[in-house]
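Structure, as structure tokens:
The values are calculated or read from the model by the stated rules, or taken from the named source; none is laboratory data. All figures in this text were calculated on a predicted structure; none of them were measured in a lab. No Cβ is skipped: glycine too gets one built from the backbone with ideal geometry, and neighbour counts run over all protein chains shown.
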Amino acid sequence: MAIIPVGIIMNGVTGRMGTNQHLIRSILAIRKQGGVQLPNGDAIMPEPVLVGRQEHKLKGLAEAHGLTRWSTDLDACLADPSNIIYFDAQMTTFRVNSIRKAIAAGKHIYCEKPTASSFEESIELASLATEAGVKNGVVQDKLFLPGLMKLKRLVNSGFFGKILSVRMEFGYWVFEGDWQPGQRPSWNYRKEDGGGIIVDMFAHWRYVLDNLFGQVRSVSCLGVTHIPKRWDETGKPYDCTADDAAYATLELEGGIVVQANSSWTVRVNREDLLTIQVDGTEGSAVAGLRDCKAQHRVNTCKPVWNPDIPNPFDFRSQWDEVPDNQLFDNGFKVQWEMFLKHIVEDTPFPWDLLEGAKGTQLSELALQSWEERRWIDVPELTIQGGTAHAAAQK
């Protein structure tokens, strides 16, 4: 058995998501298991170098996990031929320039989303990667959540019949930071720093909807800044300039109607921080992050509206759990393994920078819908002659 080393520049992994999901639970977990196993008995072994702006954080993180490679010099890491993948988990506002450099250096690209702060920049990155001939991928982690994988299993089996509608509820109360620290960084609430729940979450909703139910065709969105003042990590008050909630309706191909509420100003009275209900002619299902419940038409009760008597039904007890029927690994790790195989074995990896651009496109069109208070069509994206194109934005 041969070990195939793959050097990975990991830029921005001192943040919460980069440290926990990408470094510890993905790359280090893959190294601990002996690499990514290939059919011929070989194994791909990721060799990370941690990159960032703050030396003390990088050094501390590397030492805590037995790593020796870290640097504040991105250019030097890009010049090292042993590093063949560039991964970016920085703040969105820093991402584009770094990815441009990495593409110019001939590195394969893997990055978090949104891939850019603007649609124009996101399709530029997709075009640059195509022209340079480098492989590229975007993290689309929610597709690998157990609850959504079970939901996809129901879709593929034809359980729903004709899908009619999808209702998505996402969010939780993020503390303002005055009497209790907030659970999210303060830049999330400043538009000038790339913040806002539309920019943050609609990149997720695009790939979830496209991959589970059908391509997004149009959007109507209302964004709101419900809480105008918060306190940052140092206890200093600041004005919130970005949206902290968004209420959207989307139409998918086939006429499927989606209602998607996203909020950092909602107190949770549901089974998970994200729930997705799908209703079809033959059955319905409700999925959270890990669980999924379904109800077929033959098991659907027949309620009658009568507010003058107590409700006679225990509605929630009438749903059946969709079984695991498989082992679920960490979604970020699963996608890392797929991307590493894509690099070494050229196996398929459909979630590229063009797919990432679709997320930024939807965010931008949702913001436009909010500003103009109207429905906006979502043009298809394609790459022609190495350049990404979209039909005219209406």
Those residues of segment 304-324 that are over 17 Å from Phe159 (Cα atoms) and either loosely packed, with under 10 Cβ neighbours inside 10 Å or of a type in the set (Gly, Ala, Ser) (or both) come to a total of 12
Inside segment 74-101, can you point out the residues that are aliphatic (A, V, I, L, M) and farther than 14 Å from Leu353 by Cα? Leu74, Ala76, Leu78, Ala79, Ile84, Ile85, Ala89, Met91
Where in segment 197-298 are there strands (runs of 3 or more DSSP E), lying fully within it, with 1 or more residues that are modelled with pLDDT under 95? none
Can you name every residue in segment 66-78 that is within 26 Å of the chain's Cα centre (by Cα) and assigned to a loop (DSSP other than H, G, I, E, B)? none
Matching option when the condition is in contact with a helix residue (DSSP H, G or I) (Cβ under 7 Å, 6 or more places away or on another chain) and either charged (D, E, K, R) or surrounded by fewer than 21 Cβ atoms within 10 Å (Cβ to Cβ) (or both), among Leu164, Leu125, Leu143, Leu151: Leu143
In segment 97-122, how many residues are under 22 Å from His204 (Cβ atoms), β-branched (Val, Ile, Thr) and modelled with pLDDT of 95 or more? 2
Take segment 258-279 and flag every residue that is farther than 26 Å from His226 by Cα and surrounded by fewer than 20 Cβ atoms within 10 Å (Cβ to Cβ). Asp279
Looking at (1) at pLDDT below 95; (2) closer than 30 Å to Asp178 by Cα; (3) among the aliphatic types (A, V, I, L, M), which one does Val304 not meet, given that it meets all the others? (2)
